[in-house]
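Structure first, commentary second.
None of the figures in this text is laboratory data; all of them are computed from the coordinates on show. What you are looking at is a predicted structure, and each value in this text was computed from that prediction instead of being measured. Counting neighbours? That spans all protein chains shown, and the Cβs are built from the backbone with ideal geometry, glycine included.
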Amino acid sequence: MMSKFNNGKPYHGSDDVKEGKLQGATDATDYFYFFCPKCDDKEIMRILEYGEHAKKDINQYNVDCKSQAKYGFALAFKLHCEKCGHSDFVKVSNMGWQGGKHSEALSR
Ligand SMILES: [Zn+2]
């Protein structure tokens, strides 16, 4: 059985990952990697664990969109940089608005 994400303790991304400071990219395949926000030259962070942060049967944005999400979800990832020791959290979700440009999302 999988243990509780972050041993059941609170998990919030630090300011180091907010406002566009956490970036990443795919490798040669379709796998996505996060880069350490503290290190130079796109140091890849390990993902130590993930957890389901939220799930909903209905996606609230379906009514506004041509595309239809099958459900709403939010996954949390615990990131760690082997090089500098920085640990952080990030969430990936389809329950926030996903349209327009990134600059508009930052200003909301
Ligand atoms: Zn680092």
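Here are a few things to note about the model shown:
- In summary, Phe35 fulfils each of the numbered conditions (1) without any contact (Cβ under 8 Å) to a residue 40 or more places away in the chain; (2) more than 16 Å from the ligand (Cβ to nearest atom); (3) hydrophobic (A, V, I, L, M, F, W, C) with the single exception of condition (2).
- Residue list for segment 81-95, restricted to those being of a type in the set (Ser, Thr, Tyr) and more than 14 Å from the chain's Cα centre (by Cα): none
- Residues of segment 69-80 classified as assigned to a loop (DSSP other than H, G, I, E, B) and of a type outside the set (A, V, I, L, M), total: 2
- Any hit, segment 22-30, residues being closer than 14 Å to Lys91 by Cα and among the polar types (S, T, N, Q): yes
- Qualifying positions in segment 81-101 - within 16 Å of the ligand (Cβ to nearest atom), on the phi < 0 side of the Ramachandran plot and not in a strand (DSSP E or B): Cys81, Glu82, Lys83, Cys84, His86
- Residue list for segment 62-100, filter: exposed (fewer than 12 other Cβ atoms within 10 Å of the Cβ) and over 27 Å from Cys39 (Cβ atoms): Val63, Asp64, Lys66, Ser67, Gln68, Lys70, Gly99, Gly100
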